[in-house]
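Asks: Okay, here's the structure, questions in a sec.
The values are calculated or read from the model by the stated rules, or taken from the named source; none is laboratory data. If you're wondering where the values come from, they're calculated on a predicted model, not measured in any experiment. Here the Cβ positions follow ideal geometry from the backbone for every residue, glycine too, while neighbour counts run over all protein chains shown. With ligands, DNA and RNA removed, areas are computed over all heavy atoms of the protein, side chains included. Shrake-Rupley method; radii C 1.70, N 1.55, O 1.52, S 1.80 Å.
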Amino acid sequence: MVRSTHVVQQTLQACEGGPVLMSTFTSTNPARPAEVVAELPSHTAADVDAAVSRAASAQRAWARRPVPERAEAIAAVGAILTRRKRELAELVSREAGKIRIEGGGEVQEAIDMAAFVAGQGRAAWGDVVPSELQDKLAWTTRIPIGVVGMITPWNFPMAIPSWKIFPALLAGNGVVMKPSELAPACGVAFVEACLEAGIPADLLQVVHGGPEPAAALATHPGVGAVSFTGSVPTGRKVAAAAMEVGPKLVSLELGGKNAMVVLDDADLDLVLDGALFGAFGTSGQRCTSTSRLILQRGVAGDLVDRLVDRVAALRLGDPLDEQVDVGPVITAESGARIMGMVEAAVAEGAKAVVGGGLRRDVPGCDGGTFVEPTVLTGVHPDHRVAREEVFGPVLSVIEVDTLDEAIDVVNSVEYGLSAAIYTRDLNSAFAAVAAIDTGITYVNAPTIGAEIPLPFGGTKHTGNGFREAGARGIEQFSQVKTVYVDYSGRLQRAQIDNRSDA
Ligand code: UN1
């Protein structure tokens, strides 16, 4: 069990006034909830206040360090993550229930992000434009915000902190992060790797708990930007609370209702592999998970039959067992919620052609909640299961006649994160890429698996326009400063029309 780690002690010490009896909470292994992974303090608004003050005082010195030096510190974090990859990946499996290869992929994503952001520290930092006036220079640069607050989810408990923390640090900020109370030890372990690499301890603070520290962080006047990844309802609350004491820079990365469109001419073997990976990887608990399979009628029957066989063969079990394909869902409540959506779909006329049940008897996983990988047929685009985020291993099949109809269905939901089209026809593929209203669109590849050097995020209710990772990842953690230098030695008046042809 992770008990008093450095970061936890650091946050405990943040409470002033001598020894304090702090209430604590535990995180558990979703495969065996009796197994405690970590015990963490439940932080209060006062603790958040102390954490913000510490981060603010350390930030001033950090922001004075040359950007390439900050970048080197981030590269050093990448090296430590690489060295500790196995151990960290195992922690991800134990606390977030990800299967082994996904635990490794999680840490690798953070390593990739460290490399990418470190590179940005030696790349263009702004724009230089020719001035309208003689002997004058004009350019932009980036300045830090000060202290930024981050509220991160359990399902990518190291990768998503890396998407936020590295650009925030590169931009010269202090950070206070509140990891999900469902996977806090992963957040702590990630931050410890940062501190081990030489990121100043006070600069990077972690607070733990649920709504109280989250609200305190979002509304703290010393926090200039808030970055949130999670559900739409919580995102709305965080943004509203932050703006009440704002204006603040609030970046939201919210849900998805991602669709895979399969046209009659698609390579069906490729589709099956992609649908399985996209819908049931991470037990369907990614914001990018494939949730709707939109099939052109010509392939529907054959494809569903083959899909059922493949899904039925998926092995449920302990994520640490290398033979396992699908781990548990994160909590019993989550399992009940997912089953509620499946039952509502069946009541609306859909049919579970494979799966459709909850399993609490998986060998070696006492008390773990597993949702059987489920394929629903007969789903109508109006059904609740076709519109709302499920966040579980449930794939809804919707049949259509044409590409245009498929695109209408893809775009009919309030989310706009990721979508995929499978076809061998170039014109159909490009037409779909142009017409699908999502932040990320794949051709002949599943809806999950976005790569670090390109922006991640979505349209409509998926977010508020920011993108994470990629070259623009720094935008949510910095401000642009425009600089003019006039070396003419005289007043040159801009916006005064003094041209000779006037
Ligand atoms: C998420 O589920 O919140 O594209 C992020 C992907 C991952 C990130 C998912 N790289 O599936």
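Asks: If I filter the stretch 416-430 down to residues being more than 12 Å from the ligand (Cβ to nearest atom) and either assigned to a loop (DSSP other than H, G, I, E, B) or modelled with pLDDT under 95 (or both), which single residue comes out as surrounded by the most Cβ atoms within 10 Å (Cβ to Cβ)?
Replies: Looking at the filtered set, the residue picked out is 423.
Asks: Mind counting the residues in the stretch 281-320 that are acidic (Asp, Glu) and crowded, with 17+ Cβ neighbours inside 10 Å? Walk me through how you get there before you give the answer.
Replies: So in the stretch 281-320, the residues acidic (Asp, Glu) come out as 302, 305, 309, 318.
Still in the list and also crowded, with 17+ Cβ neighbours inside 10 Å: 318.
Residues flagged as acidic (Asp, Glu) and crowded, with 17+ Cβ neighbours inside 10 Å within the stretch 281-320 amount to 1.
Each row is one residue, and each column tells you yes or no for (1) polar (S, T, N, Q); (2) touching a Ser or Thr at 6+ places or on another chain (Cβ under 7 Å); (3) in contact (Cβ under 8 Å) with a residue 40 or more places away in the chain.
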position: 38; (1), (2), (3): no, yes, yes
position: 44; (1), (2), (3): yes, no, yes
position: 47; (1), (2), (3): no, yes, yes
position: 53; (1), (2), (3): yes, no, yes
position: 57; (1), (2), (3): yes, no, yes
position: 70; (1), (2), (3): no, no, yes
position: 74; (1), (2), (3): no, no, yes
position: 90; (1), (2), (3): no, no, yes
position: 96; (1), (2), (3): no, no, yes
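Asks: For the structure I just gave you, tell me whether residue 433 is part of a strand (DSSP E or B) and exposed (fewer than 15 other Cβ atoms within 10 Å of the Cβ). Walk me through how you get there before you give the answer.
Replies: Working: part of a strand (DSSP E or B): no; exposed (fewer than 15 other Cβ atoms within 10 Å of the Cβ): yes.
It is false that residue 433 is part of a strand (DSSP E or B) and exposed (fewer than 15 other Cβ atoms within 10 Å of the Cβ).
Asks: In the stretch 305-329, how many residues are closer than 30 Å to residue 35 by Cβ and assigned to a helix (DSSP H, G or I)? Talk me through it step by step, then tell me what you get.
Replies: At the first step, the residues of the stretch 305-329 found to be closer than 30 Å to residue 35 by Cβ are 311-329.
After this cut, where a residue has to be assigned to a helix (DSSP H, G or I) as well, the list is 311-312.
Residues meeting the conditions: 2.
For (1) closer than 17 Å to residue 423 by Cβ; (2) at pLDDT below 95, each residue gets a yes or a no:
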residue: 231; (1), (2): no, no
residue: 242; (1), (2): no, no
residue: 246; (1), (2): no, yes
residue: 261; (1), (2): yes, no
residue: 279; (1), (2): no, no
residue: 284; (1), (2): no, no
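Asks: Confirm whether residue 476 is on the phi < 0 side of the Ramachandran plot and among the polar types (S, T, N, Q).
Replies: Working: on the phi < 0 side of the Ramachandran plot: yes; among the polar types (S, T, N, Q): yes.
For residue 476, the condition - on the phi < 0 side of the Ramachandran plot and among the polar types (S, T, N, Q) - is met.
Asks: If we scan the stretch 458-473, do we find a residue that is open to solvent by 60 Å² or more (accessible area, probe 1.4 Å), part of a helix (DSSP H, G or I) and more than 16 Å from the ligand (Cβ to nearest atom)? Don't jump to the end; show me each part of the working.
Replies: Step one: filter the stretch 458-473 for residues open to solvent by 60 Å² or more (accessible area, probe 1.4 Å), giving 460-461, 464, 471-472.
Now narrow it down to the ones that are part of a helix (DSSP H, G or I): none.
Within the stretch 458-473, none of the residues are open to solvent by 60 Å² or more (accessible area, probe 1.4 Å), part of a helix (DSSP H, G or I) and more than 16 Å from the ligand (Cβ to nearest atom).
Asks: Provide a single number: the residues in the stretch 277-304 that are of a type in the set (A, V, I, L, M, F, W, C), more than 21 Å from the chain's Cα centre (by Cα) and either within 14 Å of the ligand (Cβ to nearest atom) or part of a helix (DSSP H, G or I) (or both).
Replies: Taking the stretch 277-304 as the starting set, the residues that turn out to be of a type in the set (A, V, I, L, M, F, W, C) are 277, 279-280, 287, 293-295, 299-300, 303-304.
Filter again for more than 21 Å from the chain's Cα centre (by Cα), leaving 293-295, 299-300, 303-304.
With either within 14 Å of the ligand (Cβ to nearest atom) or part of a helix (DSSP H, G or I) (or both) added as a condition, the list becomes 299-300, 303-304.
The number of residues fulfilling the criteria is 4.
Asks: Continuing with the same structure: Consider the stretch 382-408. How many of its residues are open to solvent by 10 Å² or more (accessible area, probe 1.4 Å) and within 22 Å of residue 311 (Cβ to Cβ)? It would help to see each step written out before you state the result.
Replies: Keep residues of the stretch 382-408 that are open to solvent by 10 Å² or more (accessible area, probe 1.4 Å), which gives 382-384, 387-389, 391, 399, 401-405, 407-408.
Now drop any that are not within 22 Å of residue 311 (Cβ to Cβ), which leaves 383-384, 388-389, 391, 399.
Residues meeting the conditions: 6.
Asks: OK, next. Just to be sure before I move on: is residue 321 within 23 Å of residue 94 (Cβ to Cβ), touching a residue at least 12 places away in the same chain (Cβ under 8 Å) and more than 16 Å from the ligand (Cβ to nearest atom) in the structure I sent? Give the derivation first.
Replies: Values: within 23 Å of residue 94 (Cβ to Cβ): yes; touching a residue at least 12 places away in the same chain (Cβ under 8 Å): yes; more than 16 Å from the ligand (Cβ to nearest atom): yes.
Here the answer is yes, as residue 321 does meet what is asked.
Asks: If I ask for residues that are farther than 21 Å from residue 311 by Cα, assigned to a strand (DSSP E or B) and within 16 Å of the ligand (Cβ to nearest atom), which ones from the stretch 245-276 would you list?
Replies: Once the filter is applied, which keeps residues that are farther than 21 Å from residue 311 by Cα, assigned to a strand (DSSP E or B) and within 16 Å of the ligand (Cβ to nearest atom), the stretch 245-276 yields 251, 252, 253.
Asks: Got a sec? Which of 385, 413 is assigned to a helix (DSSP H, G or I), closer than 26 Å to residue 340 by Cβ and within 26 Å of the chain's Cα centre (by Cα)? Working first, answer last.
Replies: Details: 413 fails: assigned to a helix (DSSP H, G or I).
Just one listed residue meets the conditions, 385.
Asks: Being buried (at least 18 other Cβ atoms within 10 Å of the Cβ), at pLDDT 95 or above and assigned to a strand (DSSP E or B), is that true of even one residue in the stretch 64-87?
Replies: No, that holds for no residue.
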